[in-house]
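Chemist: This is the structure I want to talk about, given as structure tokens.
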Amino acid sequence: MNREPGPPEPEEGLAAHDLVIGNRFWQAGPLNVRTTTGQITAILGPSGCGKSTLLATLAGIEPALSGQVMLHGIDLTDVPVHHRGIGMVFQEPLLFPHLNVGANVAYGLRRQGVNKSVAAQHAAELLDWVGLPGFADRATDSLSGGQAQRVALARAMAPSPRALLLDEPFSALDTDLRLRLAGEVAELLRSRSITAIHVTHDLAEAHAMADVVEQFGDLTAR
Amino acid sequence: MTVLPRWMRVLWIAPAGFIVAFVAVPLWQIAANALHDDALQTLLSGSTWHVAALAAAQALLSTVLAMAVGLPLAAVTCYRFPGRALTRALLTIPFVMPTVVVALALRSMLGGALPTGIVAVVIAHAWINVAVVVRVVGSQWARMDLGYLHAARCLGASRLQGFRTITVPFLRPAIASAATVVFIFCFTSLGIVLLLGDQHTKTLEEQILRQTSVLLDLPAASALALAQLLVVSVALILGARAISTTTYRPTTAALRPLPASTGGRVALFSCAGLGAIGVLAPVISLVIASVSSAHGMTWQWWATLNSVDAGTTRIGSPIAALGISIQYALITGVLASIIGVIAAISLLGPRIGRWIAGVSILPLGISAATLGLGLLLAYARPPIDLRGTGLLVPLAHSLVAVPLVVAVVIPAVRSLDGRRLGVARSLGAAPTRAFVTAYGPTLAVVMVAAGGLAAAVSLGEFGAASFLARPGTPTVPLQIVRLLGKPGEQPLAAAAALSVILAALTLTLVLLVDRLGRRVGA
Amino acid sequence: MKRLVLLGVVAICGAALLASCSAAPSAQQQPSTAHPVTVHLLTHDSFAVSPALITGLKARGINLQIDTGGDAGTVVAGAILSAGNPSGDVLFGVDNSLVAKAVNAKVFAPYRSPALSQVIPALAAQTDGNMVTPIDFGNVCVNVDDAWFTAHHQAAPASLADLAAPAYRDEFVVEDPGTSSPGMAFMLATIAKFGTNWTGYWRHLVANGVKIASTWTDAYEGSFSASGKGDRPIVVSYATDPAASLYYAAKPAPASPTTHVITDGCYRQVEYAGVLAGTPQSQAAGQVVSWLLSPAVQADIPLQMWMLPARRNVPLPKLITSWAAPVPHPLELPPGQVAAKTKSWLDTWDQITGR
């Protein structure tokens, strides 16, 4: 990185070194990714190029075939998903339909052992933060597509992840809403100074969100 | 949901009519002929409810064990691996085999070491019903969007927490539905309880048989049948409540690639292997029984299967039973799949239609003796005499198969993509044409698959058909039971040989059905 | 499409109506080869007869349709349920433990076969006022595995009383009278033999480790040592079973059976046939009853159903005369007493055996 102007001696955020992703039938890499703490990095690439697999591998959902995943200089490659402290927002909101909106947001906190009422209070604050105050008791199927992705963002942020991955989170929305929401989410993330990687195939969306924009194809070049 | 074209919204009348004609009317006939004041005493007596409580406890234990064994196997069948289809089909064999054959197989394997009592009954019931868990839960599991699980893991859930908080709620409707079916099977069990049970494993069905065929006290038998139906209805209502909590939209079924880790693969293959062995071992012991004699290995039992002297009656040779069984299986397959699929489609229609899917499970809880005698009273004498038409047995088989067909088809109907219908409508298709275009191919394949399952059930059905006066040619299970009623080596070996043929036939059928089922997923 | 469905419904209803009409004759017909009559014979699953005999009946204008429906009890129960409006014309297989209830329920119409005069006198009297006709009989006896007793250097038991002796501890298997017909016959045998002391006898049997199986198959094929799977050398079964197991042995068959029958304490089961009350073709139905008593059918019975012909002077197969022990003094209880007492006897038996 560092091709774009950045702050002096930037602290390394989430990074991948010579990472090979894929499975028995398909591989990509070695890939090298570097991000700066507190910045949003967009990775731009056509559909099917492996962007989603890259994010899944960074999160630990998919195993790395070789190479390393680093966060703040610590090797995470062998750390299981739920101990990595990396949040993720998916293409679909994937809200758990057997839980209401508040319980969805509180899910991660509950897994950390936070008691129910504290988690619920925290969830309510996060719902305020994403602009959905008072939505905690609603059922997930009563939400619009945009609202559902906001809840998904609140849910991902609730356990205070050290980094956030966004896998084309707005691709199911229409263009107007997509760009507006991208701008809003970027503001929200900046307000919390979270390190984030956002993958998309849409240049406009990438620029609406990110501090730094990279091409997926360039990741292999280094 | 108004996805059904108008004329299809009244289609529920067909399954409703079927249930009324072949369940309600026969039951009414029995009640009208048999229920008196004495019967009420039987219904209210302490010993009736003592037996019901024993049976319920036994059924609960059997269900828990079937679940404990079946859930890991259901998970295994969601992965793509060589031999998966065969494993799944093998697991179905114990379920569709007649219970006498199951007991014969266990006996061939264990000989005098075969224990009796609650332990033996629970193990045998679990062995038989694992197939229900694997089929019902497994097919739902394969439809689970793994994204939910990934989301949970990213939120800090461990593997176990993910299973407990995400997978279990997703599977709850399927688990409830499988558990209800298994509970009802075990609660109303007859053959296994007779062959392996003792005084602590009585069922009401066993008491019904005693009242019917030894004491000839039909009022008491009817009262017991009523008591049994009451418990079954309670189980169905509780089950239906748990089933209706579903809110997850299933995706289309997609097999998962094998786990990447060696440990995961070892666990998966050993699970599948143990399951297959558990099913195959008794079947292999049947094969051995069919080729052994006092003089050692012999083919004479197989060679004489075509002879009317092969230890059975000269009404027909053992092999002749095969022809009639296949004929009945074909009719049952067609009848049950039509009725079952229509009942399942009714889920998409008006509220009353949705009730039909639930009601169509009821025949599961009606005693085979009640069903057989009821059909006899209703349709084996003027004004409606179906004896000459050869339809009575396939009708009884269809009654047994429809609940299973419905249980298998409902997930497929639930996963029908409403958007496809929208596309067809927006292209200007009339309601009927749009429905056929959007759902026709899927439904056609589901129907054939369900028909295959119904045919397999028919091949192995023994209970209801045995109570039904029917033309002399016996079905294969009836022929097996006849053979088992004769002393000497030949009848026993011929019964084993016929059982092997039945198992092979069933396996082939289920493999074909699964192949079709996979095409739906694709 | 709507019309298509309607058409289908109409077609199905029509077919059902047609089927019912064709099966219901408008008036009773005299059977003749020109106008054959179909007669439904309701019977249990063990019924068997050589096909040639059924063909022979056809030559006399009767098309015999055999409808089997479970064990004897279930068939009779069905007949009681539909008494007066039967689902068949003749019933065969009601035995002497069931017959009184069936007759009380007015299942049968009177019919006296001309062939009755040829029946063994002891049986010929059992017609319950011409309601039923005895067709065959068999004896339920204790069977003993000779090979086992030879191998264990033990003398085989010779009477019912022996079975309660400590020498035969854990060696005897019986069927549950509540679920098995030979089991019921054996319980009745003990009642006929020991009178009110039958409960004491059973207490001794239980104390002596008697094993109770639910069905004959379970007892004979599962627990009896002679069938290869079990470990008990004494079982309740039929007097013809040594002959039958020789008949069904692997070829080359042994020269003699490896089991024999204790003729003490055998219970005689008699099977009857009767014309069902309410049948529109009582005449043809009566002819079928007489046909069952005809010399040809009677001679066919032993190797088909392993029962003995009720008719006198019927030539028996050599297998039966050689190996089916004659029972000089079989036990039997009056059908009326059996019908009245079965339930309380069963309850008592349940209590003693803890079933």
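No lab work stands behind these numbers, since they all come straight from the coordinates. Here the structure is a predicted model, which means the values were calculated and not measured. Using ideal geometry, Cβ is built from the backbone for each residue, glycine included, and neighbour counts are taken over all protein chains shown.
Chemist: Give the residue list of trypsin sites (Lys or Arg not before Pro) in region B:31-93 that are DSSP loop and have at most 15 other beta-carbon atoms within 10 angstrom.
Modeler: Sites meeting the loop and neighbour criteria: B:R80.
Chemist: Sort A:E214, C:E271, A:E12 so that the residue with the fewest other Cβ atoms within 10 Å of its own Cβ comes first and the one with the most comes last.
Modeler: A:E12, A:E214, C:E271
Chemist: May I ask you to order B:494-505, C:307-318 by the average number of other C-beta atoms within 10 Å around their residues, highest value first?
Modeler: Going by the mean number of other Cβ atoms within 10 Å, highest first, we get B:494-505, C:307-318.
Chemist: In the calculated pair distance distribution of chain C, what percentage of Cα-Cα distances lie above 25 Å?
Modeler: Of all Cα-Cα distances in chain C, 57 percent exceed 25 Å.
Chemist: Pop out the ³J(HN,Hα) list for region B:128-135 in order, Karplus 6.51 cos²θ - 1.76 cosθ + 1.60 with θ = phi - 60°, rounded to Hz; leave Gly and Pro as x.
Modeler: 5, 8, 3, 4, 4, 5, 4, 6
Chemist: If the reach is capped at under 17 angstrom between alpha carbons, list the aspartates and glutamates near A:K116, excluding any in the same chain fewer than eight residues apart.
Modeler: Reachable aspartates and glutamates: A:E125, A:D137.
Chemist: With point charges of +1 on the Cβ of Lys and Arg and -1 on the Cβ of Asp and Glu, referenced to the Cα centre of chain B, which listed residue (B:H200, B:I326, B:A434) lies farthest in the positive direction of the dipole?
Modeler: Farthest along the dipole direction, towards plus: B:A434.
Chemist: Please go through region A:116-194 and write out the trypsin sites (Lys or Arg not before Pro) that DSSP classes as loop and that have at most 15 other C-beta atoms within 10 Å.
Modeler: When the trypsin sites (Lys or Arg not before Pro) of region A:116-194 are filtered for loop state and at most 15 Cβ neighbours within 10 Å, A:R192 remain.
Chemist: What FRET efficiency, computed as 1/(1 + (r/R0)^6) with R0 = 60 Å and r the Cβ-Cβ distance, is obtained for C:A161 and B:V266, rounded to the nearest 0.05?
Modeler: 0.45
Chemist: With chain C treated as a Gaussian network of Cα nodes joined by springs under 10 Å, which of C:L41, C:L53, C:L333 yields the largest mean-square fluctuation?
Modeler: Of the options given, C:L53 has the highest mean-square fluctuation.
Chemist: Same structure again: Once label points are set 7 Å from the Cα along Cα→Cβ at both A:D174 and A:V79, what is their separation, rounded to one decimal in nm?
Modeler: Taking the two extended label points, one gets 4.2 nm.
Chemist: Moving on to the next point. Determine, for C:H260, C:H329, the number of other Cβ atoms within 10 Å of each Cβ, and report the residues in order from fewest to most.
Modeler: By the 10 Å Cβ count, ascending: C:H329, C:H260.
Chemist: At a Förster radius of 35 Å, what calculated FRET efficiency corresponds to the Cβ-Cβ distance of C:S32 and C:A340, to the nearest 0.05?
Modeler: In this case the efficiency is close to 0.20.
Chemist: Please compute the volume of the convex hull spanned by the alpha-carbon atoms of region B:11-521 and report it per residue in Å³.
Modeler: So the per-residue Cα hull volume is 164 Å³.
Chemist: Residue by residue through region B:211-218, what is 3J(HN,Hα) from phi via Karplus (6.51 cos²θ - 1.76 cosθ + 1.60, θ = phi - 60°)? Round to whole Hz and write x for glycine and proline.
Modeler: Per residue, the Karplus-derived 3J(HN,Hα) values read 5, 6, 9, 10, 8, 6, 9, 5 Hz.
Chemist: Please list log₁₀ I(q)/I(0) at q = 0.05, 0.06 Å⁻¹ for the protein assembly as shown, using the Debye equation with identical point scatterers on the alpha-carbon positions.
Modeler: These q points yield log10 I(q)/I(0) values of -0.41, -0.57.
Chemist: Would you work out the charge dipole size for chain C about its Cα centre, treating the Cβ of every Lys and Arg as +1 and the Cβ of every Asp and Glu as -1, and quote it to the nearest 20 debye?
Modeler: Dipole of chain C, to the nearest 20 debye: 880 debye.
Chemist: In whole percent, what relative contact order does chain A give with Cα contacts below 8 Å and a gap of six or more residues?
Modeler: Here the relative contact order equals 30 percent.
Chemist: So for region B:11-521, averaging the separation of alpha carbon pairs under 8 Å that are six or more residues apart and normalising by length, what relative contact order in percent results?
Modeler: It rounds to 23 percent for region B:11-521.
Chemist: Report the label-to-label distance for C:H204 and B:A240 in nanometres (one decimal), using points 7 Å from each Cα along the Cα→Cβ vector.
Modeler: Distance between label points: 5.8 nm.
Chemist: Please compute the contact order of chain C in relative form: average sequence separation of alpha-carbon pairs under 8 Å and at least six residues apart, divided by the residue count, as a percent.
Modeler: Taking the mean separation of contacting Cα pairs over the length of chain C, I get 25 percent.
Chemist: Moving on to the next point. Using only Cα atoms and rounding to the nearest 10 degrees, what angle (0 to 90) does helix A:116-129 make with the longest principal axis of chain A?
Modeler: 70 degrees
Chemist: Can you list residues from other chains, or at least 5 along the same chain, whose modelled amide H is less than 5 Å from the amide H of B:R256?
Modeler: B:Y79, B:R80
Chemist: Take the residue pairs B:K486/C:K106; C:K318/C:K341; C:K193/C:K343; B:K486/C:K318; C:K229/C:K251; B:K202/C:K251 and return only those whose Cα atoms are more than 30 Å apart.
Modeler: B:K486/C:K106; C:K318/C:K341; B:K202/C:K251
Chemist: Would you calculate the separation in nanometres between label points at A:S47 and B:L146, each defined as 7 Å from the Cα along the Cα-to-beta-carbon direction?
Modeler: So the two model labels end up 2.1 nm from each other.
Chemist: Tilt of helix C:72-81 relative to the longest C-alpha principal axis of chain C, in degrees (0 to 90, nearest 10)?
Modeler: For helix C:72-81, the angle is close to 40 degrees.
Chemist: Still on this structure, please answer the following. Hey, with R₀ at 45 Å, roughly what FRET efficiency would C:T150 and A:K116 work out to, going by the Cβ-Cβ distance, to 0.05?
Modeler: 0.05
Chemist: Which of C:I320, C:I66, C:I212 comes first, and how do the rest follow, when ranked by fewest Cβ neighbours within 10 Å?
Modeler: With the fewest neighbours first, C:I320, C:I66, C:I212 line up as C:I320, C:I66, C:I212.
Chemist: Of A:P63, A:L44, A:V89, which is farthest on the positive side of the dipole of region A:22-92, counting Cα position, with +1 on Lys and Arg Cβ, -1 on Asp and Glu Cβ, and the Cα centre as origin?
Modeler: A:L44
Chemist: Out of A:T195, A:T35, A:T175, any idea which swings most in a Gaussian network model of chain A, alpha carbons joined below 10 Å?
Modeler: Comparing A:T195, A:T35, A:T175 in the GNM, the peak value goes to A:T175.
Chemist: Oh, and also: Of C:S87, C:S344, C:S223, which has the largest mean-square fluctuation in a 10 Å C-alpha GNM of chain C?
Modeler: Ranking C:S87, C:S344, C:S223 by mean-square fluctuation puts C:S344 first.
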